[in-house]
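Enquirer: First, the structure itself, so that you have it in front of you.
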Amino acid sequence: PTWSVPLGRKDSRFAADPESTKKGLPSPKDDLGELVTMFAELNLDAHDMTALSGAHTVGMANCETYRDRVYGPNGDIDPSFAQTTQQTCQGTSGKAPFDVQTPMRFDNAYYRNLIERRGLLTSDQTLYGGGGLQDNLVEMYSADGEVFASDFAKAMVKMGNIPPPKGMPVEVRLKCSMANY
């Protein structure tokens, strides 16, 4: 998907501190309530959260983030998916794609994986199976990639408008890829 980035956004003058960045991201073990709360604190609703989670249609996760899900007693995971994914997580290292169907393509296969109980992270799978709005959105996105792409783009713009924390030195960039030095 593509979207227009509004001009005039204030960005930090400094590179993000990796530890503070981790604090601002959901845990791979978060449940739906924790995710909704975290996104709400950023003025993003459950609809935005479900669309933005679709970014997991590309990329890989480290074994430590999904080990408990694929090895633990877990009724909300497809047993064959768990068994196959365990092969990527033997010992202390390993990686698996978030989306086993089309790991290098930005599409709506992530949502089909959730319906099939093949979400890699607990925080992914929690979006489907509890009924209500999240299930409806996952089903809609799994059936209609264009609606997913449109909602994802809207949520990206909304997320891009989240202001930096108070007290952080900020600037409007003259060239978006670098600070104004």
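Enquirer: Which of the residues belonging to the range 27-44 are open to solvent by 50 Å² or more (accessible area, probe 1.4 Å), part of a loop (DSSP other than H, G, I, E, B) and touching a helix residue (DSSP H, G or I) at 6+ places or on another chain (Cβ under 7 Å)?
Expert: 29, the sole residue that qualifies.
Enquirer: In addition: Got a sec? Which of 167, 130, 119 is small (Gly, Ala, Ser), open to solvent by less than 50 Å² (accessible area, probe 1.4 Å) and not in a helix (DSSP H, G or I)?
Expert: 119
Enquirer: Quick test for you: out of 92, 21, pick the one residue that is under 19 Å from the mean Cα position of the chain (by Cα) and at pLDDT below 95.
Expert: Values: 92 fails: under 19 Å from the mean Cα position of the chain (by Cα).
Step by step, each of 92, 21 is checked, and only 21 is under 19 Å from the mean Cα position of the chain (by Cα) and at pLDDT below 95.
Enquirer: Output the qualifying pairs, or none if there are none: Cβ atoms under 6 angstrom, residues six or more apart or on different chains, first residue in the range 136-159 and among the polar types (S, T, N, Q), second residue assigned to a helix (DSSP H, G or I).
Expert: If the second residue must be assigned to a helix (DSSP H, G or I), the pairs left are 142/111; 142/112; 142/115.
Enquirer: Kindly indicate whether any position in the range 1-8 is open to solvent by 80 Å² or more (accessible area, probe 1.4 Å), touching a Phe, Trp or Tyr at 6+ places or on another chain (Cβ under 9 Å), more than 24 Å from residue 130 (Cβ to Cβ) and modelled with pLDDT of 85 or more. Quick ask: steps written out before the conclusion?
Expert: Residues of the range 1-8 that are open to solvent by 80 Å² or more (accessible area, probe 1.4 Å), as a first pass: 2-5, 7.
If we keep only those that are touching a Phe, Trp or Tyr at 6+ places or on another chain (Cβ under 9 Å) as well, we get 3.
Filter again for more than 24 Å from residue 130 (Cβ to Cβ), leaving 3.
Within this subset, residues satisfying the condition of being modelled with pLDDT of 85 or more are 3.
Checking the range 1-8: at least one residue is open to solvent by 80 Å² or more (accessible area, probe 1.4 Å), touching a Phe, Trp or Tyr at 6+ places or on another chain (Cβ under 9 Å), more than 24 Å from residue 130 (Cβ to Cβ) and modelled with pLDDT of 85 or more.
Enquirer: Right, another one. Select from the range 57-70 the residues that are part of a helix (DSSP H, G or I) and open to solvent by 50 Å² or more (accessible area, probe 1.4 Å) and list them in ascending order.
Expert: 64, 67, 68
Enquirer: Go through the range 80-93 residue by residue and tally those that are touching a Lys or Arg at 6+ places or on another chain (Cβ under 9 Å) and assigned to a loop (DSSP other than H, G, I, E, B).
Expert: Residues flagged as touching a Lys or Arg at 6+ places or on another chain (Cβ under 9 Å) and assigned to a loop (DSSP other than H, G, I, E, B) within the range 80-93 amount to 2.
Enquirer: So is residue 95 among the charged types (D, E, K, R) and closer than 30 Å to residue 11 by Cα or not?
Expert: So residue 95 does not fit the description; no.
Enquirer: Counting only residues that are among the small types (Gly, Ala, Ser) and open to solvent by 40 Å² or more (accessible area, probe 1.4 Å), which one in the range 71-107 is farthest from residue 145 (Cα to Cα)?
Expert: This residue is 91.
Enquirer: Across the range 133-149, which residue is farthest from residue 82 (Cα to Cα) among those that are buried (at least 19 other Cβ atoms within 10 Å of the Cβ) and among the polar types (S, T, N, Q)?
Expert: 134
The values are calculated or read from the model by the stated rules, or taken from the named source; none is laboratory data. These numbers come from a predicted model, not from an experiment. Positions of Cβ are generated from backbone atoms using ideal geometry, with glycine treated the same way; all protein chains shown enter the neighbour counts. Heads up: the accessible areas ignore ligands, DNA and RNA and are worked out on the full protein's heavy atoms, side chains in. Shrake-Rupley method; radii C 1.70, N 1.55, O 1.52, S 1.80 Å.
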